[in-house]
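Report on the structure given below.
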Ligand code: F1P
């Protein structure tokens, strides 16, 4: 889940690497480091966030690599920060992934007199390349070294005496940026978006050499391969904060636009996928985190609108359902990044069974995008904040539209969602935000917050609790309205906040009576609802949009979560211990 970058070109490599790392920091931010080849190999490493660094004086260099870490092996300290060096200090590598056979490799390399300085699995790579260089050149040494690794890796390596970079990929993301007289490696496109939008998406089992141009080789055979350059239409502005203090609020505020962008697919495209759903024998929605909550919400929408049963499975659990899969099953993975390791593993499982895979994904060219039989894009632009906000509502939008399309009511669905997009604009207006700051200041010192919803708003309650806890570190839990009293109600005491999602639908009466049960035990009731009710201590008005209420109801909670984080002094864009792309299983 770390972020890696490599640069070769005419610019000052240190500036490019630092900029790139700042853009990749959403992938990991416990420590960072870089290595540059100038007159010598210069290495800088630090614990903490790269965002706090302005510039670093390491002299003139035009080739360099950098890494921002999310630790898996070894504590967060300078020694464990990347890049890692070979014994002769001529080879530097950065790595994202997990080397499963590193202990065995380490023992072998120690027997060959290599000296290790860190506790990481990654350091073996530098020493292994060095060992191979006893007999072959640098590129071949990297190829042989990575061919011996088990596990997952995106690696960029450089050698003090060579004026090129070598990268390799298996089960961790690595892309190449192709600029004019300059080339980049990165975990993700936004890292070099301000310099180029021309991208080569590397596939697993490929090794690339960035020299005067890009050369790609098959890791196993060493044979040269041809790859196309893709032009991506994300802009550098989309990946910057603009007038906002944090990406989180910027992305929350973009949702009126991103919902419309999700709706921009042609009727033929949506109907084609609806047909695949209608003709499938067993449908699985598979996702993690917020994307899972969107999938769960959609299962209620499909049931109501299209009368279809959808199996919703957390991606890491999906392999255990493999006995249900056939070549007539449809698997629909849903993922913002398209790089979530558990989702990719689930796709592998499905493909082994001949199952058809149609994904919903935001990052064009991501592993999921390329591994699917068809990928329906969210078109939300880059999402930089670690928390999903705009892509969550894009997912809900697309899934709702598909449910309507399955029922032969695509126009009705589109009209509803276009109206919702307009209403979302009002919900993110400064007036609503002021009210939510007021609520956040009432809640900021609370220990627990509970959220309840029923039906289509039950998964919204789960998503609401996730948003609050992951960014403000206040413990929050979401429940179906009927469930809190089966145990957790024991935690309700005087003033315990409970957010109640109370749309004007079939769930209203019962959820209000659940709210009463909580209030009578001292709970402080926050109602998110088109209408006020005497049980609410604090009311947030949202438009009444029936089955689409889950899109509208999450918006004030995203804003509340943001202000809770800000008031508690937490960084909304980079919550502790979290990474945006969870590329390890
Ligand atoms: C899944 C996810 C996100 C969450 C965080 C970690 O990502 O759980 O929902 O906000 O970024 O990963 P994805 O598969 O949708 O990219």
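Structure data summary
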| read-out | value |
| --- | --- |
| Residue selected from region 140-159 under the condition part of a helix (DSSP H, G or I) and touching a helix residue (DSSP H, G or I) at 6+ places or on another chain (Cβ under 9 Å), by the criterion farthest from residue 2 (Cα to Cα) | 140 |
| Complete set of residues in region 113-127 that are touching a helix residue (DSSP H, G or I) at 6+ places or on another chain (Cβ under 6 Å) and farther than 17 Å from residue 89 by Cβ | 121 |
| Which listed residue is over 17 Å from residue 251 (Cα atoms), within 16 Å of the ligand (Cβ to nearest atom) and in contact (Cβ under 8 Å) with a residue 12 or more places away in the chain, from 460, 400, 393 | 460 |
| Condition met for residue 85 (in the same structural domain as residue 203 (by TED's automatic domain parsing) and without any contact (Cβ under 8 Å) to a residue 40 or more places away in the chain) | no |
| Selection from region 405-429 of residues that are under 26 Å from residue 476 (Cα atoms), touching a helix residue (DSSP H, G or I) at 6+ places or on another chain (Cβ under 8 Å) and part of a loop (DSSP other than H, G, I, E, B) | 428 |
| Test: residue 190 is in contact with a helix residue (DSSP H, G or I) (Cβ under 7 Å, 6 or more places away or on another chain), part of a loop (DSSP other than H, G, I, E, B) and closer than 20 Å to residue 231 by Cβ | no |
| Qualifying residue in region 258-277 (condition: modelled with pLDDT of 95 or more and within 16 Å of the ligand (Cβ to nearest atom)) | yes |
| Single unsatisfied condition, residue 190 versus (1) out of contact with any strand residue (DSSP E or B) (no Cβ under 7 Å at 6 or more places or on another chain); (2) buried (at least 21 other Cβ atoms within 10 Å of the Cβ); (3) at pLDDT 95 or above | (3) |
| Unique residue being farther than 23 Å from residue 170 by Cβ and touching a residue at least 40 places away in the same chain (Cβ under 8 Å) when the list is 11, 27 | 11 |
| Residues of region 90-121 that turn out to be under 18 Å from residue 64 (Cβ atoms) and modelled with pLDDT under 95, as a count | 1 |
| Hits in region 322-343 - residues which are within 16 Å of the ligand (Cβ to nearest atom) and not in a loop (DSSP other than H, G, I, E, B) | 331, 332, 333, 334, 335, 341, 342, 343 |
| Residue check for residue 20: in contact with a strand residue (DSSP E or B) (Cβ under 6 Å, 6 or more places away or on another chain) and either surrounded by fewer than 17 Cβ atoms within 10 Å (Cβ to Cβ) or outside any helix (DSSP H, G or I) (or both) | no |
| Within region 140-167, tally of residues that are more than 17 Å from residue 66 (Cβ to Cβ) and either outside the structural domain of residue 69 (by TED's automatic domain parsing) or surrounded by 21 or more Cβ atoms within 10 Å (Cβ to Cβ) (or both) | 7 |
| Those residues of region 556-585 which are within 20 Å of residue 424 (Cα to Cα) and either surrounded by fewer than 23 Cβ atoms within 10 Å (Cβ to Cβ) or away from the ligand (no atom under 16 Å from the Cβ) (or both), in sequence order | 556, 559, 560, 563 |
| Any hit, region 346-354, residues being within 16 Å of the ligand (Cβ to nearest atom), within 21 Å of residue 459 (Cα to Cα) and touching a helix residue (DSSP H, G or I) at 6+ places or on another chain (Cβ under 6 Å) | no |
| Criterion violated by residue 162 - all others in (1) free of Cβ contacts under 8 Å to residues at least 24 places away in the same chain; (2) in a loop (DSSP other than H, G, I, E, B); (3) touching a helix residue (DSSP H, G or I) at 6+ places or on another chain (Cβ under 6 Å) satisfied | (1) |
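Yes/no per residue for (1) surrounded by 18 or more Cβ atoms within 10 Å (Cβ to Cβ); (2) over 18 Å from the mean Cα position of the chain (by Cα); (3) modelled with pLDDT under 95; (4) in a loop (DSSP other than H, G, I, E, B):
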| site | (1), (2), (3), (4) |
| --- | --- |
| 347 | yes, no, no, no |
| 350 | yes, yes, no, no |
| 358 | yes, yes, no, no |
| 363 | yes, no, yes, yes |
| 375 | yes, no, no, no |
| 380 | yes, no, no, yes |
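Here is a yes/no grid of residues against (1) in contact with a helix residue (DSSP H, G or I) (Cβ under 7 Å, 6 or more places away or on another chain); (2) surrounded by 19 or more Cβ atoms within 10 Å (Cβ to Cβ); (3) in contact (Cβ under 8 Å) with a residue 60 or more places away in the chain:
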| residue | (1), (2), (3) |
| --- | --- |
| 207 | yes, yes, yes |
| 220 | yes, no, yes |
| 223 | no, no, no |
| 226 | no, no, no |
| 232 | yes, yes, yes |
| 238 | no, no, yes |
| 242 | yes, no, no |
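The values are calculated or read from the model by the stated rules, or taken from the named source; none is laboratory data. Because the structure is predicted, anything quoted here is derived from the model rather than measured. Because the Cβ atoms are built from the backbone with ideal geometry, glycine has one as well, and the counts that use them run over all protein chains shown.
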